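Visitor: Just passing along the structure, written as structure tokens.
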Amino acid sequence: MQGLNACGPFISEFAEHYPAACRNCKPFETNVQKRNSFNLSVENVIVSYGVNSDGCKFATLQCSNPAAKDILIEWYDPLGASLGITGPVKYTQKVISLITCNQNSEWTYSENGKAEVIKSATCEYVR
């Protein structure tokens, strides 16, 4: 019986033919939900995708509006409940955030050392 060589070529061949789950996140949804507030407007989110050094998918979310006084991103979990906001960033017209795909093919957002599974995000601003 031959032993397995964990450093052998099989590992890289396996990775090429069977990609890690962290590469399989679906496109990230934006502006699906909005808080019920009369003084907030919704802005389009630009989502750019990439792959990090671990081979996992990540996405950069960016939204801006030159008329904004404050701008924020609100995060929603898979059930549609709000997980809170990034910001508001006071007296700026642009906000950028980074999310990553985990080993369960779920998008995650980390803030203050805590990672949350997220389903969507909405960019909102105050004029």
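Visitor: How long is the gain from Lys90 to Val126 if the chain were fully straight, where each residue apart is worth 0.36 nm and the alpha carbon distance is subtracted? Walk me through the numbers on the way to the answer.
Guide: Values: separation 36, 0.36 × 36 = 12.96 nm, distance 0.98 nm.
Working it through step by step, the gained length comes to 12.0 nm.
Visitor: Something else now. What's the extension gain from Ser48 to Ala81 if we count 0.36 nm per residue and subtract their Cα-Cα distance? Spell out each step's value before the answer.
Guide: Details: separation 33, 0.36 × 33 = 11.88 nm, distance 2.43 nm.
Stretched out fully, the Ser48 to Ala81 stretch lengthens by 9.5 nm.
Visitor: Given the pairs Lys34/Lys57; Lys26/Lys90; Lys26/Lys94; Lys57/Lys119; Lys34/Lys90, which are separated by over 23 angstrom at their Cα positions?
Guide: From Lys34/Lys57; Lys26/Lys90; Lys26/Lys94; Lys57/Lys119; Lys34/Lys90, over 23 Å: Lys34/Lys57; Lys26/Lys90; Lys26/Lys94.
Visitor: P(r) for region 20-126: what percent of alpha-carbon pairs falls in each 10 Å bin, starting at zero?
Guide: With 10 Å bins starting at 0, P(r) equals 15, 48, 29, 7, 0.
Visitor: Using θ = phi - 60° and the Karplus relation 6.51 cos²θ - 1.76 cosθ + 1.60, list the HN-Hα couplings for region 92-99 in order, rounded to whole Hz, with x at every Gly or Pro.
Guide: Running phi through 6.51 cos²θ - 1.76 cosθ + 1.60 with θ = phi - 60° gives 9, 10, 9, 9, 10, 9, 10, 10 Hz.
Visitor: Find which of Ala81, Gln103, Ser48 sits farthest along the positive direction of the dipole of region 20-126, computed with +1 on the beta-carbon of Lys and Arg, -1 on that of Asp and Glu, about the Cα centre.
Guide: My answer, from the dipole projection, is Ser48.
Visitor: Another question, if that's okay. What is the gain in length, in nm to one decimal, between Leu98 and Ser37 on full extension, counting 0.36 nm per residue of separation less the C-alpha to C-alpha distance?
Guide: Details: separation 61, 0.36 × 61 = 21.96 nm, distance 2.55 nm.
Full extension of this stretch gives 19.4 nm more.
Visitor: Evaluate the distance, in nm, between pseudo-label points positioned 7 Å from the Cα of Ala21 and of Ala115 along their respective Cα→Cβ axes.
Guide: It works out to 1.2 nm between the two label points.
Computed from the coordinates by the stated procedures, all read-outs in this text should not be read as laboratory data. Since this is a predicted model, take the numbers as computed values, not measurements. No Cβ is skipped: glycine too gets one built from the backbone with ideal geometry, and neighbour counts run over all protein chains shown.
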